[in-house]
Amino acid sequence: MNRAPDDLTLHLQAALDGELDAVGVMEIEAKLATDPERAAEYARLVALREAIRAHVPRETAPDALRARIISMTQTVGRAPAVSPQRLKPIGAPYRSLAASLMVGIVLGAGAYGLFIPPTADDDVQQAIVSGFIRGRLSGQPVDVVTSDRHTVKPWLAGKISGATTVVDLAPEGFPLVGGRVDVIGKTPVPTLVYQRREHQIALSELPALSDDVFGDPRRETRDGYSLLRWVDKGRVYMAVSDLPPAELDVFGAAFRKAAAAEREDAPKL
């Protein structure tokens with residue numbers, strides 16, 4: 001007789017799927033720290049997920065479907081000519097139906113990227129995710145291996161212009177692994193790598209655009225990886241990881257808090 005899953009098992013699966021908020025993730029971690037058997041079960045689930053990501057091809061929409069949607073939108077934009085004698089008033093219920101159909105078409109087309117062209121930010125995000133994947137596959141995610149932020153910061157200063165924000169997050173459960181220099185477009189940018197159990201987080205810091213209005217943290221998923229983006233003091237931070245999204249939110253909050261504290265402690269000129 002199969003045993004029904006208990007609440008903790010269900011919560012483990014929810015954490016794996018990124019369905020828990022930050023508080024829920026922290027509660028799960030506290031329980032796993034005192035239950036080695038469940039911790040091992042969670043590790044097996046994570047390994048299974050990564051194996052599926054690595055070996056099962058991701059489904060994509062067929063070209064025929066994309067062509068049909070484009071054809072539909074073009075047809076909507078070009079109404080056939082009708083003589084005035086054939087025109088009849090449209091009642092309110094039918095106007096509502098037509099509006100609903102238009103909204104559905106626009107939303108469906110938007111989901112396939114038909115109305116929103118790729119932006120420079122999309123290219124940056126893709127480059128950052130690709131860099132994270134390369135680092136994981138190569139087994140060498142950093143150029144300088146150290147947990148000392150006072151070693152990483154001057155090393156990066158010798159490779160790029162401008163100071164890089166480097167904070168110690170080991171007390172929060174995100175020890176520093178080291179740093180590297182990525183090239184986004186033609187611009188070298190600093191990337192820090194932090195550890196979280198068997199997972200890693202790559203955090204890149206870039207100059208903000210003059211019209212960048214995304215000050216609040218914004219989370220996305222790209223190629224199956226969690227991406228967290230925020231703007232602080234004229235700099236854009238992008239963190240990418242295979243962690244559940246809620247745990248990446250915890251990392252982002254911890255980094256922003258530590259960075260703010262470091263600015264407060266810095267000597268005033």
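The values are calculated or read from the model by the stated rules, or taken from the named source; none is laboratory data. Being a predicted model, the structure only gives us computed values, none of them experimental. Heads up, the Cβs are rebuilt from the backbone with ideal geometry, glycines too, and the neighbour counts pull from every protein chain shown. Heavy atoms of the whole protein, side chains included, go into the accessibility calculation; ligands, DNA and RNA do not. Shrake-Rupley method; radii C 1.70, N 1.55, O 1.52, S 1.80 Å.
Return the pairs, sorted by first residue and then second, in which the second residue is open to solvent by 20 Å² or more (accessible area, probe 1.4 Å) and in a strand (DSSP E or B), the first residue lies in the range 218-229 and is hydrophobic (A, V, I, L, M, F, W, C) and at pLDDT 90 or above, the beta carbons are less than 9 Å apart, and the residues are 6+ apart or on different chains. Taking only residues 6 or more apart or on different chains, the pairs are LEU227/ARG218; LEU227/ARG219; LEU227/GLU220; LEU227/THR221; LEU228/ARG218; LEU228/ARG219; LEU228/GLU220. Checked against the criterion of being modelled with pLDDT under 85 and surrounded by 14 or more Cβ atoms within 10 Å (Cβ to Cβ), the range 84-94 contains not a single residue that satisfies it.
Are any residues in the range 31-69 charged (D, E, K, R), at pLDDT below 80 and open to solvent by less than 90 Å² (accessible area, probe 1.4 Å), and if so, which ones? Residues satisfying the conditions are ARG49, GLU50, ARG53.
Within the range 173-194, residues that are more than 15 Å from SER161 (Cβ to Cβ) have Cβ atoms under 8 Å from residues that are open to solvent by 40 Å² or more (accessible area, probe 1.4 Å) and of a type in the set (S, T, N, Q) in these pairs: PHE174/GLN195; PRO175/SER147; PRO175/GLN195; LEU176/SER147; LEU176/GLN195; VAL177/SER147; VAL177/GLN195; GLY178/SER147, counting only partners at least 6 apart in sequence or on another chain. Here GLY185, GLY179 are screened, and the one residue that is at pLDDT below 90 and closer than 18 Å to VAL129 by Cα is GLY185.
Which residue is modelled with the highest pLDDT, if the candidates are limited to the range 16-27 and must be farther than 12 Å from GLU41 by Cβ and in a helix (DSSP H, G or I)? Here the answer is GLU27. Residues in the range 147-183 that are assigned to a strand (DSSP E or B) and in contact with an Asp or Glu (Cβ under 8 Å, 6 or more places away or on another chain): 5 in all.
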